[in-house]
Amino acid sequence: MADEREDSLIQQRCLQSLADFTSYAKSIYTDAGKNSRGDAVGYFKAVSAGQSNEDGVRTNLDIAMVCAFLYNYIEFNGCSEFNLPHGINKDNLRQMACSALRYAYSTHQTVRLMRCTDGKYWGTYQDEQGQWHHQWESSLWVLSMAFTKKFIEDFDGLGKEEQELIAKLMASEADFQLSRPIPFGFQGDTKAEENGWESNVLAVAWANLIAHPHSPQWQEAMIRYGFNGYTVDADANDTTMIDGKQAREWYVGTNLYPDYTLQNHNYFHTSYQNVVMQEQAETILATYYLKEDRPPKLHQSLTWHWQEVWDEVLAQLALADGELAMPNGNDWSMFLYDQLPAYAAMACIKRNPDALMLEMRCLDQLLKRQHTTPDGSYMLNPDIGPRRMGVTAHRVMMTWFLHRLFPTEDLRSEKFAVDHRNGMTDYLKMGAVIPSTWQDFRQRLSKTKVFPCQQIVRSISEDRFVCFSWSEGLKNATGIIVPNTVEDSKIIIPYKYKGTGNFLGCYNNAQTRLSGKPQFITTDSTFQVHGRLMAAGGKVAQDFKFTADAHNAVVVEYQLQGNDTIFEERGGTVAVSVDPFTKTERTLYYEGGTFTSGGSQMRTFRSNWVNIDNRIGIISIGENNEMAFGDRQLINSIQTARLYPAYSNTPQVASRIKRKFYYFTNQTAQETRQMQQRLCSTDAP
């Protein structure tokens, strides 16, 4: 049951995680001399150390914010709830945060007390001729600056001139948003995420600069940008009253497909699907925490369509460990658990019991991955180095804030009877959030779900989650099977390679092309996808059928056509994690015995069945079948091996390749062997 202890536990775990992270933060902190005022400055060193780009500025400000937050927390509350690493104290935190903050504002275009290490300034500004010069995403970084400033000035204060310089910077970044039309778009490159972070800087300016003449305009623009995050076509005619206007009056344009999905990087991407909610929640936090003598208010525009996005997309793709499925694979570090603050926002602001359950599971995994590193950083082999660490720490801190300011405990209790949130009367009528159970959640979401705008289908049975995606943006067809247990949820992992990835294989190590449109056939508990690929560099037709039954079996069948020669077959492929975060070696059982491998050397073996770790069973129908395990490679920050249920380097005519594979979860090696014996006598292709 959600109560004060549960909120406190989540907050305590976040605090300790951030405290552990400070060892890493200190290791990348760099003194950078003094600015032209004579103030000591420094920065947290990204790959682009101290430079004016996203990598340099965002990394510096995210980590400065976390250090300032911990310093502030210790000053208010002491250090009884967490332990700082050896060699770190509150004075270190204060010094690093203050110096990094000074470096950040000193190098902004509106301040120019020094240049970044690349000889440039950063940020958005208006020149003397009234021309705006916009740096993409700079408004997002100002949110972290504003929180850093607030944490420091709560105790140390900032000099009047420093305050004026930061105010000038904030006003410039916010004013740019008043000077341009709000962007929108949904095909390939949604503007939902960008509008979310633009609402951040408007909230920061409105909350901090109460006397500024543009303050009312910033508030109005904050609402409009925030509303135009999760927007659909129907909003153009929606008469729902929200923040004093009809929804259609706030609407500018559409950022989601009609099924509430979105695309970024030219494909459906669950990280971008949830990050809009995070940014809108941070705008809410900014209006509450950073305000100067303004009564707090939950702007409903900032949660517009949260529920629909949750019900129709995010909840539908949630896995047993709290991860969100990546039907198309990923293009950055995998298993970030970057949806943590989105879960927290739904749990704390929307009072959603499923989100609270998933948040706790997600936090477990994020901390487990942090514990694989020796210095408190959040993962081994991050794709973008320190910037990934800073963004993750930022999200952990915001999760703490959501539970502190919008706790999941019973808000009707006497503790909140006389509350300073006098603008949040309706919110304070809320009872406790009772987290659901995974079993109950899974059963309620068991109906097959099709995302028609993305050509994705998924099913959840008692044993496993399975999905298949046909992405025209990526020109890729792949899928994933995930057991419904936390400990097995990362054996087979998202994977894409040369037009396919998991299941459909690769021929002649050449690109596979999509052909035409797939056909989706569904029932409440099953699905089947029929389609055609052009394999082996687009030369060979590959007709396939992908079936997920109502219980445990996934069946993949395909036939190659024509007389072209296939020199290399890698059929029925699945990507298997062999990483310190999951398991560095896998034990494979097959007809001829067993072996344990991390995948660094290719191991071939003749068998019609194979089982991974007594958990995942795979059966290949056919005679004289060869399999292989190996091809270990770092993919999306996870060490990954490939298991090929049909493997050959012997030339063969394409039309002779007819494959049928069965995939089972929660199955022992003995059960896989017995199943293969039952199937092989009646199911030969």
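The values are calculated or read from the model by the stated rules, or taken from the named source; none is laboratory data. The structure displayed is predicted, hence computed values, not measured ones. With ideal geometry, Cβ positions are generated from the backbone for all residues, glycine too; neighbour counts draw on all protein chains shown. Areas reflect the complete protein model, heavy atoms only, side chains present, ligands, DNA and RNA absent. Shrake-Rupley method; radii C 1.70, N 1.55, O 1.52, S 1.80 Å.
Quick notes
- Search result, residues across region 523-540 that are of a type outside the set (D, E, K, R), touching a Lys or Arg at 6+ places or on another chain (Cβ under 6 Å) and either open to solvent by less than 10 Å² (accessible area, probe 1.4 Å) or in contact (Cβ under 8 Å) with a residue 24 or more places away in the chain (or both): GLY538
- Residue match in region 2-21 (condition: charged (D, E, K, R), without any contact (Cβ under 8 Å) to a residue 24 or more places away in the chain and either more than 27 Å from LYS160 (Cα to Cα) or touching a Phe, Trp or Tyr at 6+ places or on another chain (Cβ under 9 Å) (or both)): yes
- Any hit, region 566-583, residues being modelled with pLDDT under 95 and either under 28 Å from the mean Cα position of the chain (by Cα) or over 26 Å from ASN624 (Cβ atoms) (or both): no
- Qualifying residues in region 625-640 (those that are over 11 Å from THR604 (Cα atoms) and of a type in the set (D, E, K, R)) - the one surrounded by the fewest Cβ atoms within 10 Å (Cβ to Cβ): ASP631
Every residue, every condition in (1) of a type in the set (D, E, K, R); (2) in a helix (DSSP H, G or I); (3) open to solvent by 20 Å² or more (accessible area, probe 1.4 Å); (4) within 29 Å of LEU356 (Cα to Cα), yes or no:
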residue: LEU9; (1), (2), (3), (4): no, yes, yes, yes
residue: ARG13; (1), (2), (3), (4): yes, yes, yes, yes
residue: LEU18; (1), (2), (3), (4): no, yes, no, yes
residue: LYS26; (1), (2), (3), (4): yes, yes, yes, no
residue: ARG37; (1), (2), (3), (4): yes, no, yes, no
residue: VAL41; (1), (2), (3), (4): no, no, no, no
residue: GLY50; (1), (2), (3), (4): no, no, no, no
residue: ASP55; (1), (2), (3), (4): yes, yes, no, no
residue: THR59; (1), (2), (3), (4): no, yes, no, yes
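- Picking from residues in region 536-591 that are among the hydrophobic types (A, V, I, L, M, F, W, C) and outside any strand (DSSP E or B), the one that is farthest from ARG673 (Cα to Cα) is ALA536.
- Among the residues of region 445-470, those that are under 20 Å from ASN264 (Cα atoms) and open to solvent by 10 Å² or more (accessible area, probe 1.4 Å) comprise VAL450, PRO452, CYS453, GLN454, GLN455.
- Residue within region 311-334 that is of a type in the set (Phe, Trp, Tyr) and open to solvent by less than 10 Å² (accessible area, probe 1.4 Å) present: no
- Region 498-522 - residue that is open to solvent by less than 50 Å² (accessible area, probe 1.4 Å) and not in a strand (DSSP E or B) and, of those, nearest to ALA477 (Cα to Cα): GLY499
- Of the residues making up region 353-379, those that are over 30 Å from SER27 (Cα atoms) and either assigned to a loop (DSSP other than H, G, I, E, B) or open to solvent by less than 20 Å² (accessible area, probe 1.4 Å) (or both) are ASP354, ALA355, LEU356, MET357, LEU358.
- Test for LEU643: is it open to solvent by less than 40 Å² (accessible area, probe 1.4 Å), outside any loop (DSSP other than H, G, I, E, B) and under 19 Å from THR573 (Cα atoms): yes
- Taken together, the residues in region 610-624 that are open to solvent by 10 Å² or more (accessible area, probe 1.4 Å) and at pLDDT 95 or above amount to 3.
- Residue in region 646-654 that is farther than 29 Å from GLN528 by Cβ and touching a strand residue (DSSP E or B) at 6+ places or on another chain (Cβ under 6 Å) present: yes
- Of all residues in region 152-191, those that are outside any loop (DSSP other than H, G, I, E, B) and basic (Lys, Arg) total 2.
- Count of residues meeting criterion [at negative phi and either open to solvent by less than 50 Å² (accessible area, probe 1.4 Å) or among the β-branched types (Val, Ile, Thr) (or both)] in region 380-389: 6
- Out of GLU462, GLU487, GLU472, one residue alone is touching a Leu at 6+ places or on another chain (Cβ under 8 Å) and among the acidic types (Asp, Glu). It is GLU472.
- Residue match in region 79-99 (condition: of a type outside the set (A, V, I, L, M), without any contact (Cβ under 8 Å) to a residue 40 or more places away in the chain and in contact with a Gly (Cβ under 9 Å, 6 or more places away or on another chain)): yes
- Of the residues in region 267-282, at least one is over 20 Å from THR392 (Cβ atoms) and in contact (Cβ under 8 Å) with a residue 60 or more places away in the chain.
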